[in-house]
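Participant: So that we are looking at the same thing, I have put the structure below in structure tokens.
The values are calculated or read from the model by the stated rules, or taken from the named source; none is laboratory data. Bear in mind the structure is a predicted one, so any value in this text is a computation, not a measurement. Here Cβ is always computed from backbone atoms with ideal geometry, including for glycine, and neighbour counts include all displayed protein chains.
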Amino acid sequence: MNVFEHLYQTKGIASQRRYPNDALIGFLAGMYSRLPHAERQHIRVLELGCGSGANLWYVAKEGFAAYGIDFAPSGVELCKQVLQQWQVEAQVQVADMTALPFADGQFDVIFDVVSMQHLTVAQHQLTFREIQRCLKPTGWFFSYHLAHNPEIAAAATMLDEFTVQDIPAGFPLAGNGQTCLISLERWQAMLEHAGFQHISLETVRRSYQQRQFHLDYLISAAQR
């Protein structure tokens, strides 16, 4: 059973946060804050790995045409419940982000918040191609993704140069299955190789376990 399918089945809504990622809020505000709420229904926004809907309800509440996919069926069901609680609508379904079930050029924005980081490097490359295919010609991709951490890499079993089989016990986010902690340089190179342009990248640091540990995240935005 998928790690997250197990989490959703055993912990339900408590398995994930309830409110949207702050960097995602900033990205959408920067792009569309001047667009009247009533006109946002024409902006199609897809979340990769929507989980229990913490980001997707916000996207829908802001008036966008919201779509979400997740590999875990229980996550999709939880997402539907959360959308109903917030009295908003979105189209959500079980799907694999490496083979998106959508037409070419369908979306204005495709975003990922700590979901693509559970792919291997090779799977990232497949997903980037799918994102490119499904974005409109001037569409945007946004991501919030774990960055490289030499300490975790040294202690873990590696599946490729950046992907660990699991983050070892004692570290933050342990037990979430395969996780790719990728370097900023490699992330940018993969975006460029996939054909993205106007790439912006920054790193933010979050503390865990009463500031005993720190993890860096890559925040990126890129245009098709």
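Participant: Check whether at least one residue in segment 61-80 is modelled with pLDDT under 95 and on the phi > 0 side of the Ramachandran plot, and report yes or no.
Facilitator: No: zero hits.
Participant: Restricting attention to segment 121-161, which residues are among the β-branched types (Val, Ile, Thr), surrounded by fewer than 20 Cβ atoms within 10 Å (Cβ to Cβ) and within 19 Å of residue 185 (Cβ to Cβ)?
Facilitator: The one that is among the β-branched types (Val, Ile, Thr), surrounded by fewer than 20 Cβ atoms within 10 Å (Cβ to Cβ) and within 19 Å of residue 185 (Cβ to Cβ): 121.
Participant: Among the residues of segment 121-150, count how many are outside any strand (DSSP E or B) and either in contact (Cβ under 8 Å) with a residue 12 or more places away in the chain or polar (S, T, N, Q) (or both).
Facilitator: Qualifying residue count, segment 121-150: 16.
Participant: Return yes or no: is residue 89 under 27 Å from residue 172 (Cβ atoms), surrounded by fewer than 14 Cβ atoms within 10 Å (Cβ to Cβ) and of a type outside the set (Ser, Thr, Tyr)?
Facilitator: no
Participant: Could you please give the count of residues in segment 20-44 that are free of Cβ contacts under 8 Å to residues at least 40 places away in the same chain and assigned to a helix (DSSP H, G or I)?
Facilitator: The number of residues fulfilling the criteria is 12.
Participant: While we're looking at this one, here's another question. Give the number of residues within segment 59-83 that are part of a helix (DSSP H, G or I), over 25 Å from residue 3 (Cα atoms) and not small (Gly, Ala, Ser).
Facilitator: Adding up the residues that qualify gives 2.
Participant: Return the residues of segment 166-206 that are assigned to a strand (DSSP E or B) and surrounded by 16 or more Cβ atoms within 10 Å (Cβ to Cβ); say none if nothing qualifies.
Facilitator: 179, 180, 182
Participant: Next up: When the residues of segment 2-52 are narrowed to those that are at pLDDT below 95 and under 23 Å from residue 100 (Cβ atoms), which ends up surrounded by the most Cβ atoms within 10 Å (Cβ to Cβ)?
Facilitator: Top of the filtered list is 52.
Participant: Cβ contacts < 7 Å: first residue on the phi > 0 side of the Ramachandran plot, restricted to segment 191-211; second residue not aliphatic (A, V, I, L, M), any location; separation 6+ or different chain. Result?
Facilitator: What qualifies is 195/132; 198/223; 209/172.
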